[in-house]
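The values are calculated or read from the model by the stated rules, or taken from the named source; none is laboratory data. From a predicted model like this one, the values you see are computed outputs, not experimental measurements. Please note: Cβ atoms are built from the backbone with ideal geometry, for glycine as well, and neighbour counts cover all protein chains shown. All accessible areas refer to the heavy atoms of the entire protein, side chains included, with ligands and DNA or RNA removed. Shrake-Rupley method; radii C 1.70, N 1.55, O 1.52, S 1.80 Å.
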Amino acid sequence: MIFVTVAVTDENGILCADKTPHVKFSLHGKSLKLLAADGGDPTSVKPFCLPESTLFSGKAVVYLQSTGIAGETVLRAESDGLESAEIKLNTIK
């Protein structure tokens, strides 16, 4: 299991805890699968298994699992009004 923390930061890398954008996540590659995404809002009733989340206090967590295939997978985060971001994750057998 891999836990990736997603955060909205300003140009200096400071967390923008007042931001609560809706973020969509996508995977490109075959070594990982996206299990869930969650902003941690205790009042949310959104299902965890969707590849999207509304950030809570500027953060969310994406839950990934290995498929058993070695290789590189890219996790991408996109939200209207924000710069998209991605991270490359490598798995080995």
- [ ] Output the relative contact order of the stretch 1-71, whole-number percent, from Cα pairs under 8 angstrom with separation of 6+ residues.
- [x] 45
Task: Where chymotrypsin sites (Phe, Trp or Tyr not before Pro) fall in DSSP loop in the stretch 30-80, at most 16 other Cβ within 10 Å - done: F48
Task: C49, C16, ranked by accessible area, largest first (probe 1.4 Å) - done: C49, C16
Task: Accessible area of the stretch 2-80 belonging to carbon and sulfur atoms, whole % at 1.4 Å probe - done: 56
- [ ] Please find, in a Gaussian network model of the chain (springs between Cα atoms separated by less than 10 Å), the residue of G39, G58, G71 whose mean-square fluctuation is greatest.
- [x] G71
- [ ] Mind checking the per residue accessible area of the chain for me, 1.4 Å probe, whole number of Å²?
- [x] 64
TODO: Please report, in debye to the nearest 20, how large the charge dipole of the chain is about its Cα centre when each Lys and Arg carries +1 at its beta carbon and each Asp and Glu carries -1 there.
DONE: 520
Open item on the list: Please give me the summed charge of the neighbours of D41: other residues whose Cβ is under 15 Å from its Cβ, Lys and Arg +1, Asp and Glu -1.
Closed with: 0
Task: Inter-label distance, nm, simple model (7 Å from Cα along the C-beta direction), I92/V45 - done: 4.7
Open item on the list: Given the C-alpha atoms of the stretch 4-76, compute the convex hull and give its volume per residue in Å³.
Closed with: 86
